[in-house]
1. What residue, of 19, 3, 56, 8, is modelled with pLDDT under 95 and closer than 20 Å to residue 109 by Cβ?
2. For region 15-47, which residues satisfy the criterion of being more than 8 Å from the ligand (Cβ to nearest atom) and touching a Leu at 6+ places or on another chain (Cβ under 6 Å)?
3. Name the pairs: first residue in region 119-140 and modelled with pLDDT of 95 or more, second residue in a loop (DSSP other than H, G, I, E, B) and surrounded by fewer than 14 Cβ atoms within 10 Å (Cβ to Cβ), Cβ to Cβ under 8 Å, at least 6 apart or on different chains?
4. Considering region 31-51 alone, what residues qualify as being among the polar types (S, T, N, Q) and either in contact with a strand residue (DSSP E or B) (Cβ under 8 Å, 6 or more places away or on another chain) or farther than 27 Å from residue 71 by Cα (or both)?
Amino acid sequence: GNKNIQAKLVLLGDMGAGKTSLVLRFVKGQFHEYQESTIGAAFFTQVLSLNEATVKFDIWDTAGQERYHSLAPMYYRGAAAAVVVYDITSMDSFQRAKKWVLELHRQGNPKIVMFLVANKADLAGKRQVDNEEGEQYARENGLSFLETSAKTAQNVNELFYEIAKGVAKA
Ligand code: GTP
């Protein structure tokens with residue numbers, strides 16, 4: 001039968017990793033070279049239809065700046081899915097992503113569908129984090145992993161489609 005599912009989705013990650021850009025690519029098919037930094041958090045909705053279910057995402061795009069860190073639990077509490085984003089050109093953003101994964105494992109919903117996303121794959125010439133390094137960390141910590149580019153749209157629809165499938169199965 002066809003289920004209707006409403007799912008809270010949260011994006012977490014360092015400032016500038018590309019959280020807003022991934023959401024805007026998915027929801028509006030747009031990309032902005034000069035995307036402004038998010039203040040607090042931004043809210044989006046999008047519906048995704050699978051064969052087995054229709055998933056309505058309530059998407060919380062959190063602000064990566066450190067001063068907003070204390071707000072994060074409001075956004076990941078009750079979330080069915082979390083996307084932890086880092087920028088492949090920034091080792092710092094990868095370290096920050098690992099801290100988010102630890103926090104979600106400690107505080108979050110144990111059944112949460114979690115993805116580690118290595119964004120800005122189009123900037124391969126400036127890469128600081130090897131694909132294998134992200135993939136291995138994800139595997140060891142029970143997350144799914146994808147390399148994406150909000151700019152070229154590489155793997156962006158795939159990401160949300162995989163999340164929808166995971167949420168529909170749960
Ligand atoms: P905060 O709101 O500060 O937490 O940042 P964010 O994680 O939402 O990052 P945002 O989407 O604002 O992107 C930061 C910058 O990186 C912007 O200038 C984007 O245009 C750029 N950017 C985002 N994704 C990509 C990508 O896949 N490739 C390239 N080349 N640039 C990207």
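The values are calculated or read from the model by the stated rules, or taken from the named source; none is laboratory data. Keep in mind the model is a prediction, meaning the values are calculated, not measured. All Cβ positions, even for glycine, are placed from backbone atoms using ideal geometry, and neighbour counts span all protein chains on display.
1. Values: 19 fails: modelled with pLDDT under 95; 56 fails: modelled with pLDDT under 95; 8 fails: modelled with pLDDT under 95.
From the options 19, 3, 56, 8, the qualifying one is 3.
2. Scanning region 15-47 gives a single hit, 30.
3. Once the first residue is modelled with pLDDT of 95 or more and sits in region 119-140, its partners that are in a loop (DSSP other than H, G, I, E, B) and surrounded by fewer than 14 Cβ atoms within 10 Å (Cβ to Cβ) give 121/152; 122/152.
4. Residues of region 31-51 that are among the polar types (S, T, N, Q), as a first pass: 35, 37-38, 45-46, 49, 51.
Those that are among the polar types (S, T, N, Q) and either in contact with a strand residue (DSSP E or B) (Cβ under 8 Å, 6 or more places away or on another chain) or farther than 27 Å from residue 71 by Cα (or both): 38, 45, 46, 49, 51.
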